[in-house]
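Structure first, then comments.
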């Protein structure tokens, strides 16, 4: 088992299962306990194994084999449906029955701090033309999300029971699902997102385990229609994780544009995993499942610029006096997440990406 800690990712460790996760977590907690001097009082050893965060480069925590992104916030789905379809029928008929998702590209998932190049693509024809335009996206957006990392779960042809699904979830990271809205709008019918999504996604390098999040477990929103039996979850299905998104212009001050919470998610992680595998699709160690944009019930809790500016109709004013409908070149998007009670605060670090001009 010692070899698993000599790797440049956590895949082997995650594949070893929950018993190993807990043993290692408990040992780390013991070593760093304020009452334990085994490391604190050993300067030579401490200086060898502890580094300042600004002295190191954080890499992807796992080698992501497969990546799925869900669409599980009712508020987000309602907002998008209202913007692009009928506000009176914003949710499509299937939305309240299944966790909607699509398969993305793991090859373009990058760690926090990696610059993001504005992507090229086709967009809808200009008025009076029937030829699509081609060029850099004009509507670059962020999506405020979380994502969970799985362990080896099932083999081809087997499904994961919802009552066992949580055993196969290692932990969560922050996730920015960068989106080119104009490219997405032209391409998404009939098969869904493609180039408008797969150019880049950013994750935070720290995975927070479910064991660490246990004190912050809360009920998920009441589901309006009783799900089919394979999606019926018992107990509290969500976590009280505070989420924040900010925009920082080059050489400027950051402006917080969204404050949301993971607990707003309509469909839970175990429902997503149970649905993902109900047809026998195998899930492996290091696979990643995005939550989908996490929007809350108020305007300041919407999780994307698409919603915050209501498709550009209501620009946001930043601290330097400039306005944003979407994300500009050289803007840095900063996402943060944390859990807090009267005893402890658990942070997820930052999920950061600076936008570079199209090339």
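For this structure, a couple of remarks:
- The label-point distance for residue 34 and residue 155, in a model that sets each label 7 Å from Cα toward Cβ, rounds to 5.0 nm.
- Residue-averaged 222 nm ellipticity for the chain, from DSSP H runs of 4+ at -39500 (n - 2.57), nearest 500: -4500 deg cm²/dmol
- Counting beta carbons within 10 Å around each of 324, 22 and listing the fewest first gives the order 22, 324.
- Mean Cβ count within 10 Å, highest first, over the residues of peptides 162-168, 66-72: 66-72, 162-168
- Simple label model, 7 Å out from Cα along Cβ direction - residue 91 to residue 105, nm: 3.3
The numbers here are math on the coordinates, done by the rules we state, and not lab data. Everything quoted here is computed from the prediction, not taken from an experiment. Please note: Cβ atoms are built from the backbone with ideal geometry, for glycine as well, and neighbour counts cover all protein chains shown.
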